[in-house]
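Here's the structure we're looking at; comments come further down.
The values are calculated or read from the model by the stated rules, or taken from the named source; none is laboratory data. Fair warning: this is a prediction, and the values are worked out from it, not measured in the lab. Every residue, glycine as well, gets a Cβ built from its backbone with ideal geometry; the counts of neighbours run over all protein chains shown. Remember, those area values only see protein heavy atoms, side chains included, never the ligands or the DNA or RNA. Shrake-Rupley method; radii C 1.70, N 1.55, O 1.52, S 1.80 Å.
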Amino acid sequence: MKISDRTISNKTRPLIIAEIGINHGGNLSVAKKMVNLAFSAGCEAIKHQTHFIEDEMTDKAKEIFPPNANISIWDIMNNCNLSQDAEIELKNYTEELGMIYLSTPFSRKAADFLAEIGIPAFKIGSGEADNLPLIKHITSFGKPVILSTGMQTIDSIKTSVNILSDSKIDFALLECTNLYPSPPEKVSLSGINDLQEAFPNALIGFSDHSIGPEMALAAVAMGSCIVERHFTDSRYRKGPDIACSMDPAEL
């Protein structure tokens with residue numbers, strides 16, 4: 001797989017992706033600071049989340065409160081979202097540093113926007129891993145795809161993998177445990193081997209929500225060629241994903 005000028009394979013060093021996600025709280029200046037700190041730590045890639053709230057959620061989302069927040073999922077995303085112009089500025093800032101800018105679209109409208117601004121690859125999160133219409137739409141752009149597989153089984157992910165294979169695009173699958181944060185005893189590192197055996201033609205990586213670097217290092221030892229980890233400038237910042245994020249020293 002090649003993303004921008006970076007070759008990703010079992011013979012190259014793993015690509016480390018710092019996911020700032022919504023940790024910036026909707027503040028472009030904070031987002032840029034996080035990008036700069038990730039760059040200073042030696043990271044090659046940044047991942048953002050692209051939300052078009054009305055296109056990805058119904059009004060029912062205003063009644064859903066995640067376990068790691070005291071406001072609804074609608075309000076969380078609405079408060080933490082960047083405008084289209086702000087995301088373009090963040091992408092340009094990231095690429096001016098020589099880093100790869102990736103993002104996860106949570107709707108077809110978001111995927112269209114990312115394709116329009118020239119994103120080099122798409123990241124599909126675990127929550128959309130079986131969203132077949134969205135996956136089909138994303139593959140239509142012909143860009144590489146990184147797909148997280150949290151909350152899935154080998155059987156349940158097969159249809160999504162078939163869509164990626166049939167589209168003839170390059171893709172990678174990330175083992176993922178969807179607990180924020182993930183206790184070490186709950187992290188399914190064995191899932192890396194399961195994915196390698198079930199999908200020998202796919203690149204395999206690891207999306208980490210644990211505390212500390214140990215699980216990520218173990219995943220690399222087991223052959224992961226991509227490691228994704230939430231990232232923040234400071235753990236004293238408020239936000240639903242801060243607890244499972246690395247800070248600059250840890251990254």
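The table that follows gives values for the structure above.
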item: Area accessible to solvent at Leu37, 1.4 Å probe radius, in Å²; result: 50
item: Mean-position separation - Cα centroids, region 16-43 and region 178-251, in angstrom; result: 17
item: Local electrostatic count, Arg108, Cβ distance below 14 Å [Lys/Arg +1, Asp/Glu -1]; result: -4
item: Exposure of Glu54 as accessible area (Å², to 10), given a probe of 1.4 Å and all protein chains; result: 140
item: The chain: relative contact order in percent, alpha carbon pairs under 8 Å with at least 6 residues between; result: 22
item: Amide H contacts under 5 Å for Ile124, placed H, 5+ residues apart; result: Ile146, Leu147, Ser148
item: Area of Ser167 that stays accessible when all protein chains are in place (1.4 Å probe, Å², to 10); result: 40
item: Listed residues Pro183, Leu173, Ser107: farthest to the positive end of the dipole of the chain (Cβ charges); result: Leu173
item: Amide N proximity, region 226-245 versus Ser190 label position 7 Å along Cα-to-Cβ, cut-off under 20 Å; result: none
item: For region 149-251, convex hull volume per residue from C-alpha positions, Å³; result: 108
item: Within the chain, percent of DSSP bridges classed antiparallel, to nearest 5; result: 5
item: Rounded, prolate or oblate (a/c below 1.5 giving rounded, otherwise prolate when a/b exceeds b/c) for region 111-175 by Cα gyration tensor; result: prolate
item: Cα-based shape type of the chain, given that a ≥ b ≥ c are square roots of the gyration tensor eigenvalues and the cut on a/c is 1.5; result: rounded
item: Mean Cα-pair separation over length for region 125-244, i.e. relative contact order, pairs under 8 Å, 6 or more apart, %; result: 21
